[in-house]
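Reviewing the structure listed below.
The values are calculated or read from the model by the stated rules, or taken from the named source; none is laboratory data. Given the structure is predicted, the values throughout are model-derived calculations rather than measurements. As a convention, Cβ positions derive from the backbone with ideal geometry for all residues, glycine included, and neighbour counts pool all protein chains shown. In case anyone asks, the SASA skips ligands and DNA or RNA and just uses the protein heavy atoms, side chains included. Shrake-Rupley method; radii C 1.70, N 1.55, O 1.52, S 1.80 Å.
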Amino acid sequence: MTAISSQRIKKIISDPPWGATLEIKGWLKSKRDAKDFSFLDVGDGSCIQGLQVIADSSLVNYQREIKKLTTGCSLRIVGVLQKSPAQGQNAELIAQEISVYGWADPDHYPLQKKKQSFEFLRSIPHLRGRTNSMGAMIRIRSRLSYAIHQFFQERGFHQLHTPIITTSDCEGAGEMFTLTALDLDQLVASPAKKVDYSADFFGQKASLTVSGQLEAETYAQALGNVYTFGPTFRAENSNTSRHLAEFWMVEPEMAFCDLEGDMNLAEEMLQFLIADLVNSCPDDLELFNRFVDKSLMTRLAKIKEAFTRLSYSEAIDHLLASKQAFEYPVSWGIDLQTEHEKYLTDSLFQRPVIVYNYPKNIKPFYMRDNDDGKTVAAMDVLIPGIGEIIGGSQREERLDILQQRMAECGVAEESYQWYLDLRRFGSVPHAGFGLGFERLVLFATGLSNIRDVIPFPRTPGSAAI
């Protein structure tokens, strides 16, 4: 037959060229045989919907191949598009030619047309993208990623690729993956108590980054506004539904910006991303609203309203006044726990909340000291169902106070001379934040486990494909 360019099912369904001869390529989702023909439900990953294909017994390979097709087989189909008389679907393809790219062993193929748990799907990460739920999640994740770049590029931000390998610990938590080219077998057998990192590849101890913030600050003070969007790593031995060892962060840094501007940008960004998603992925969102979280669309709609803003001290007062019993006691100076954050967003205000001016003793050295001597110009954005999704601050631009804070936090100046130089040479007020991308996808889908919103989750004891 004459070569025909292949079309994606999403485009065919959204703008059907009735009567045209089309070619599609995809995977068989299900098959139902009638007396003289078969109904094939074929999907190609472009949307939730499959396209129904009518395979008549007159096709030359009907008995030899088409009758033997099972779920998971990959196909090329050429046919004529016509309106479907069946209820619940608009179009169907009357096959003129069907060829099989690859067969799927029906005795071992794990995905059948039935509901499967997310826990089971985690055991087959290489195949779970073929399910409706995981396919929808990836399309949502992809759209959010696109919208993030659109948001910053339209506002004059420059994307910055910060290093994955670093010698700086931005968070000060010490829970970093060490990167080495040394012979580990020799290290284990060595009687020495300490590793000589001067003999290592970089001549000093190096790790996988937990944040690109510090490096981004350098270019913010050269270009004005920059942002990073890349993988970050945390060697935290946590198996909760909220933690990953490898995750993605969006981190803007802005020169000539204070805490107020930082909060404004964070709120504007979240509102932009969710509005774009609702407009671009209605079918995928509806799947999660119907089968995962029936309040999802209502919660997403709340994002367009103004966020509630309150100081950390005001948040503590609200928590102390509440009649809810918390597992973690509340007092001024604590780091807010997820249950505290969710009380503020889900119960008290029922909308996103920005908490600012946290106690300096629970925050990193680089956050700007407030005049009260007790707090720093930090802010967290909390959203319903998730808790913290963004953490940020105005950065300390005053050299003497930054040096004082580094001493208080036990941060060695010799490792951060380049960072101090930013305060020595034309320092300016500046601010930024980090958005946990997987937590954003959790919010956008209503899923409850962070391992279900990243293609290949990395967690303690698990680094398979």
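Report the percentage of all Cα-Cα pairs in the chain whose separation exceeds 39 Å, rounded to a whole percent.
Values: 38888 of 107880 pairs.
Percent of Cα pairs beyond 39 Å in the chain: 36.
Could you name the lysines whose alpha carbon sits less than 17 Å from that of residue 374, not counting residues in the same chain fewer than 8 places away?
Leaving aside lysines fewer than 8 places away in the same chain, those within reach of residue 374 are 360, 363.
Could you run the Karplus curve 6.51 cos²θ - 1.76 cosθ + 1.60 with θ = phi - 60° over the range 158-168 and give me ³J(HN,Hα) per residue in whole Hz, x for Gly and Pro?
10, 6, 10, 9, 8, x, 7, 8, 9, 10, 10
Would you kindly state how much longer the chain becomes between residue 83 and residue 361 on full extension, computed as 0.36 nm times their sequence separation minus their alpha carbon distance, in nm to one decimal?
93.4 nm
Grab the beta carbon distance between residue 414 and residue 297, set R0 = 56 Å, and tell me the FRET efficiency rounded to 0.05.
Given R0 = 56 Å and the Cβ-Cβ separation, E is 0.60.
With every protein chain present, what is the per residue accessible area of the chain (1.4 Å probe, Å²)?
For the chain, the per-residue accessible area is 48 Å².
For the range 47-141, which trypsin sites (Lys or Arg not before Pro) are both in a DSSP coil and crowded by at most 15 other Cβ atoms within 10 Å?
Here the sparse-neighbourhood loop sites are 64, 113, 114, 115.
Evaluate Rg over Rh across the range 416-465, taking Cα atoms for both radii and Kirkwood's formula for Rh.
1.28
Below 8 Å, C-alpha to C-alpha, sequence gap of six or more: please give me the relative contact order for the chain in percent.
13 percent
Using a Förster distance of 35 angstrom, determine the FRET efficiency expected from the C-beta separation of residue 175 and residue 101, and round it to 0.05.
Given R0 = 35 Å and the Cβ-Cβ separation, E is 0.15.
Given the alpha-carbon gyration tensor of the range 334-424, what are the semi-axes of its equivalent ellipsoid in whole angstrom, ordered largest first, with each equal to the square root of 5 times an eigenvalue?
Taking √(5λ) for each eigenvalue gives 30, 12, 11 Å, largest first.
In the structure displayed, which of 11/302; 67/294; 294/323 lie more than 29 Å apart, Cα to Cα?
Those over the limit are 11/302; 67/294.
Just tell me which aspartates and glutamates come within less than 15 Å, Cα to Cα, of residue 304; anything on the same chain fewer than 8 places away is out.
Of all the aspartates and glutamates, those that pass the test against residue 304 - Cα under 15 Å, at least 8 places apart if same chain - are 267, 268, 276.
Test of understanding: what is the full-extension gain from residue 146 to residue 350, defined as 0.36 nm times their sequence separation minus their Cα-Cα distance? Write out the running numbers ahead of the final one.
Details: separation 204, 0.36 × 204 = 73.44 nm, distance 2.84 nm.
That pair, residue 146 and residue 350, stretches by 70.6 nm at full extension.
Two-decimal Rg/Rh of the range 142-261 from alpha-carbon positions, Kirkwood Rh?
1.07
Would you list which lysines come within 21 Å of residue 10, measuring only between C-alpha atoms, while excluding same-chain residues fewer than 8 positions from it?
Once the sequence-local lysines are set aside, what remains near residue 10 is 25, 29, 31, 83, 113.
From the backbone phi of the range 266-278, what are the Karplus-calculated ³J(HN,Hα) couplings (6.51 cos²θ - 1.76 cosθ + 1.60, θ = phi - 60°) in whole Hz, Gly and Pro given as x?
Running phi through 6.51 cos²θ - 1.76 cosθ + 1.60 with θ = phi - 60° gives 4, 5, 4, 5, 4, 5, 5, 5, 6, 4, 5, 5, 4 Hz.
Summarise the accessible area of the range 377-465 (1.4 Å probe, protein heavy atoms) by the percent that is carbon and sulfur. Let's see the in-between values first.
On the way: 1590 of 2990 Å².
Ligands and nucleic acids excluded, carbon and sulfur give 53 percent.
Specify the inter-centroid distance of the range 438-465 and the range 379-431, based on alpha-carbon positions, in whole Å.
If we compute the Cα centre of each part, the gap is 29 Å.
For the range 16-137, which whole-number percentage of the solvent-accessible area (1.4 Å probe, protein heavy atoms only) is attributable to carbon and sulfur atoms?
It is 51 percent, rounded to a whole number.
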